[in-house]
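The values are calculated or read from the model by the stated rules, or taken from the named source; none is laboratory data. What you see is a predicted model, and the numbers here were worked out from it, not measured in a lab. With ideal geometry, Cβ positions are generated from the backbone for all residues, glycine too; neighbour counts draw on all protein chains shown. Calculation scope for accessible area: heavy atoms of the full protein, side chains included, ligands and nucleic acids excluded. Shrake-Rupley method; radii C 1.70, N 1.55, O 1.52, S 1.80 Å.
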Amino acid sequence: DVVMTSGCSGAVEMAISVLCNEGQNILLPRPGFCLYNTVAGSRNVEARLYNLLAEKNWEVDIEHMESLIDENTAAILINNPSNPCGSNFTKAHLKAILGVCERHRIPLISDEIYADMVFSGQVFTPTATLTSTVPILTLSGLAKQWLVPGWRIGWILINDRNNAFAQVRQ
């Protein structure tokens, strides 16, 4: 399924809104794009910030991420390639993040607006291609790659092979 949105920012807002209820929490990257925290806060969803490790090319601190999860965790959001850090996660690192999601049965929001803008010699791997079990909302848009920010065309790709988002779709 593909849901069209008003830019990738609209996709961020919609994804957080449909997965997180008031009083729940969402795990967000630190440092990260400020809109994530703003959207969560505007919906009374607690933003729990997991660390990105500068000494490891801004990879997620998996142990720290996992330590923030509790029964009220509604989703984990990653931004890959990363804004503002410019990192591009390896397949192995993405699989480690997916492992956390799978162990705790938590859906992933994968903001991939910079998918076609990685440094020379790097290869971007779409997160949803690495799992058949973790439900993923992949966010993207036209603004970055095609340099058309005024067009405000974004989307959410629903990657849900096991129908975990059945209620969300209704």
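Quick one: grab Rg to one decimal and Dmax as a whole number for the chain, Cα atoms only, in Å.
Spelled out, the Cα radius of gyration and Dmax of the chain are 14.8, 43 Å.
Cross-link candidates for residue 56: which lysines have Cα within less than 25 Å, leaving aside residues fewer than 8 places away along the same chain?
Reachable lysines: 91, 95.
For residue 146 and residue 2, what does the FRET efficiency come to when R0 = 25 Å and r is the distance between their Cβ atoms, rounded to the nearest 0.05?
On the way: r = 17 Å, r/R0 = 0.69.
Here the calculated transfer efficiency is 0.90.
Enumerate by residue number the chymotrypsin sites (Phe, Trp or Tyr not before Pro) in the stretch 112-170 meeting two conditions: DSSP loop (anything except H, G, I, E, B), and at most 13 other Cβ atoms within 10 Å of the site's Cβ.
119
Show me the GluC sites (Glu not before Pro) within the stretch 41-81 that DSSP assigns to loop and that have at most 13 other Cβ atoms within 10 Å of their Cβ.
Numbers: sites: 46, 55, 59, 63, 66, 71; in loops: 71.
Here the sparse-neighbourhood loop sites are 71.
Between residue 17 and residue 170, what is 0.36 nm times their sequence separation minus the Cα-Cα distance? Round to one decimal in nm.
Working: separation 153, 0.36 × 153 = 55.08 nm, distance 1.40 nm.
Taking residue 17 through residue 170 to full extension adds about 53.7 nm, to one decimal.
Considering only protein heavy atoms and a probe of 1.4 Å, how much of the accessible area of the stretch 44-170 is carbon and sulfur, as a whole percent? All intermediate terms of the calculation are to be shown ahead of the outcome.
Working: 3340 of 6590 Å².
Here it works out to 51 percent.
Only Cα pairs within less than 10 Å get springs; with that Gaussian network setup on the chain, which residue of 96, 11, 47 has the largest fluctuation?
96
As a test, work out the antiparallel percent of DSSP beta bridges whose residues both lie in the chain, rounded to the nearest 5.
Numbers: 13 of 30 bridges.
Close to 45 percent.
For the pair residue 62/residue 30, report the inter-label distance in nm, with labels modelled 7 Å from Cα in the Cβ direction.
The modelled label-to-label distance comes out at 2.1 nm.
Set Lys and Arg Cβ to +1 and Asp and Glu Cβ to -1, take the dipole of the chain about its Cα centre, and tell me which of 89, 26, 10 lies farthest positive.
The Cα lying farthest towards the positive end belongs to 10.
Count the net charge of all other residues whose Cβ sits under 14 Å from the Cβ of residue 159, scoring Lys and Arg as +1 and Asp and Glu as -1. Write down the numbers at each step before the final one.
Numbers: positive: 161, 169; negative: 1, 102, 111, 112, 160.
Computed value for this residue: -3.
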